[in-house]
Each structure stands twice: as structure tokens, then as C-alpha cells.
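Q: Below: one structure in C-alpha cells.
Just so it is clear, none of the values below were taken in a lab; they were calculated from the coordinates. Predicted model, so just to flag it, every value in this text is computed and none were measured. Heads up, the Cβs are rebuilt from the backbone with ideal geometry, glycines too, and the neighbour counts pull from every protein chain shown.
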Amino acid sequence: MKPQKGWTVTFQPEGRKTVVQHGVTLLEAARKAGVVLPTRCGGKAGCLMCKVTVPQEEAAALRPPGDAERRKLGGLLDSGVRLACQAAVWNDLSVVVPEDPLKAAVRRRLEAARRGEEDGLW
């Protein structure tokens, strides 16, 4: 049943939330929430850049993968990976957005510095 106010989508690890109507893609929801998901294909399942992970217990909160998404992701679907441009919201859920590699490297360095560790690169 379609909710009157929409479904809440939470984007982790930042915890950003947005409310969207039934059937809106995760890519559209991310944009609404101010979460950057890279894409080059304009949401046509061509570039595979907008991959996100959905916990298995929340998989039913999205429309099942279509043919294009199944072809592109194959076995990754079994580990909860979905294409944000193809996955449509059917219920409240949380989505894990992969961390940008550069930001991840900076975060690891800052965490190591806080622990007093040196990596020899400074």
C-alpha cells in the first residue's frame, strides 16, 4: 500500500535521510538527500558507478532487480549490491554508500594520527 507521506530512505554511513514516494529510484532519493552517487550513463544501468549495498533484511524494501540490473551485477546481487539508478523504493530502508577512495585514505590517516601511529609517509 502506498504511504501518504512516502518512504524514508537513510543513506549510511552519513545517516542522511529523505522521504520519497513509492517507486522513486535510489539515485533520485540520494540526490534529494544531498548524497553524491557518481554516474555517467544518466541512470540507464550502463556505467555501474552508482552501486550501493542494501542489507539483506531490507532487500524487500526495493523493487526486485530487472533484467538489465541482473545482467550487469550478476553474483553481486547475492551480496546486496544494487544499482541506485535501477532500484526503486517500495518501503523504508537504509542503504550503504561506498566511501570515496580518496576520502577513505584521508580518514584512515586521520584515525591513525589520533591513535599516535605513524605511517612513514608524512
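Q: To the nearest 0.05, how large is the calculated FRET efficiency for residue 31 and residue 117 if R₀ is 22 Å and r is the Cβ-Cβ distance?
A: 0.05
Q: So, with +1 on the Cβ of K and R and -1 on the Cβ of D and E, and no other charges, what is the size of the charge dipole of the range 7-114 about its Cα centre, to the nearest 20 debye?
A: In total the dipole reaches around 440 debye.
Q: Can you give the Kirkwood hydrodynamic radius for the range 7-114, in Å, rounded to one decimal and based on Cα pairs?
A: 14.2 Å
Q: Now for a separate question. Kindly provide the helix-only [θ] at 222 nm of the chain, computed as the sum of -39,500 (n - 2.57) over DSSP H runs of four or more divided by all residues, to the nearest 500 deg cm²/dmol?
A: So the helix-based figure for the chain works out to -7000 deg cm²/dmol.
Q: Which one, 56, 81, 42, projects farthest toward the positive side of the charge dipole computed for the chain from Cβ point charges (K/R +1, D/E -1)?
A: So the residue we want is 42.
Q: Search the structure for amide H atoms under 5 Å from the amide H of residue 94, placed 1.01 Å from N in the peptide plane, and list their residues when 5 or more places away or on another chain.
A: The answer is 10.
Q: Let me ask something else about it. Mind checking the range 13-122 for GluC sites (Glu not before Pro) that DSSP puts in a loop (not H, G, I, E or B) and that have at most 15 other Cβ atoms within 10 Å?
A: When the GluC sites (Glu not before Pro) of the range 13-122 are filtered for loop state and at most 15 Cβ neighbours within 10 Å, 14, 99, 117, 118 remain.
Q: Something else: Please list, ordered by chain and number, the residues whose modelled amide H lies under 5 Å from the amide H of residue 66; skip anything fewer than 5 residues away on the same chain.
A: When sequence neighbours closer than 5 places are left aside, there are no close amide H contacts.
Q: With an 8 Å cut-off on Cα pairs and a minimum separation of 6 or more residues, tell me the relative contact order of the range 7-114 in percent.
A: Reported as a whole number, the value is 35 percent.
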